[in-house]
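See structure below.
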Amino acid sequence: MGTRHILLLCILGQVLLTSVICTSSIGPDECCFAFYPRRLNKNLVRSYEMTDYRCTKSGIILLTNKNRTICVDPNLNWVMNIMKSVDERTF
């Protein structure tokens, strides 16, 4: 009877460990699933970061002066101009 209990506890422990490992997977922190449709003034943007390569869409996350994050398409000219402006300000 004791061997059965130990076997049951081992199986239960394995199931619990597997569920914990699966839910704590490491992945990208932020991804863009939709892009902001309108232009932004470059003076409203404080910084930017690129989305992780593991995201389905590549995007740029803009951080505004009011601490809002906005996802934008990195291929648009006005986004490139904002990125250039922010880079020039940081030097």
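Here is how the numbers come out for the structure above:
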quantity: Spin-label pair SER85/LEU9, simplified geometry with 7 Å Cα→Cβ offset, distance in nm; calculated: 6.5
quantity: Signed unit charges on C-beta, dipole axis of the stretch 28-90, positive-most listed residue SER58, LEU44, VAL72; calculated: LEU44
quantity: ASN41-ASN77 pseudo-label distance in nm [points 7 Å out on the Cα-to-Cβ vector]; calculated: 2.1
quantity: Student exercise, the stretch 28-90 dipole from Lys, Arg, Asp, Glu Cβ charges, in Debye to nearest 20; calculated: 320
quantity: The chain: most fluctuating residue of ILE70, ILE61, ILE11 per GNM, C-alpha cutoff 10 Å; calculated: ILE11
quantity: Share of alpha-carbon pairs per 10 Å distance bin for the chain, given as whole %; calculated: 15, 32, 17, 10, 10, 9, 5, 1
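Each value in this text was obtained by applying a stated rule to the coordinates, not by laboratory testing. Note that the structure is a prediction, hence the values are computed from the model and not measured. Neighbour counts run over all protein chains shown; Cβ positions are idealised from the backbone, glycine included.
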